[in-house]
Amino acid sequence: MDQDKLKALIEEATTACYDEEEAFWGMFCTLQMRMTFPLQAKVGGSEASLTGLDEPNSDPQKGAMAQISRGGGDESVALTEVELVDPDPASAEWLAAYKYWLDQK
């Protein structure tokens with residue numbers, strides 16, 4: 001994805017934020033609003049369903065945590081471990097923007 005597009009998405013999510021913690025929560029809330037759940041995904045090479053974000057287990061130090069279902073159970077994993085399978089364009093863009101944002105920190 002084009003870096004200018006990723007930067008524009010990040011700016012949209014974090015524009016009113018004054019510090020790193022606010023920026024994290026700005027990005028987190030934007031991901032919740034802009035991604036369409038459930039999404040088919042792979043985590044650690046196995047198929048899973050990304051059912052949402054796990055707000056109680058997310059924080060600026062750990063990063064955004066994802067709620068997934070696989071193998072008949074539910075679990076929380078780092079959103080960075082999730083690879084989307086045939087996602088809608090908006091969900092793909094926002095996940096890419098989040099990962100890019102983390103790499104730039």
Residue check for Ser49: among the polar types (S, T, N, Q), within 13 Å of Phe37 (Cα to Cα) and touching a strand residue (DSSP E or B) at 6+ places or on another chain (Cβ under 6 Å) = yes
Hits in the range 14-40 (condition: surrounded by 19 or more Cβ atoms within 10 Å (Cβ to Cβ) and more than 12 Å from the chain's Cα centre (by Cα)) | Ala23
If Cys17 satisfies every condition in (1) within 18 Å of Trp101 (Cα to Cα); (2) outside any loop (DSSP other than H, G, I, E, B) but one, which is the exception?
-> (2)
Any residue in the range 50-64 that is surrounded by fewer than 14 Cβ atoms within 10 Å (Cβ to Cβ) and touching a residue at least 24 places away in the same chain (Cβ under 8 Å)?
-> no
Filter the range 51-105 down to residues that are in a loop (DSSP other than H, G, I, E, B) and among the basic types (Lys, Arg) and give me whichever is farthest from the chain's Cα centre (by Cα).
-> Lys105
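No lab work stands behind these numbers, since they all come straight from the coordinates. Note that the coordinates shown come from a computational prediction; the quantities given were computed from them, not determined experimentally. Quick reminder, even Gly has a Cβ in these numbers, built from the backbone with ideal geometry, and neighbours come from all protein chains shown.
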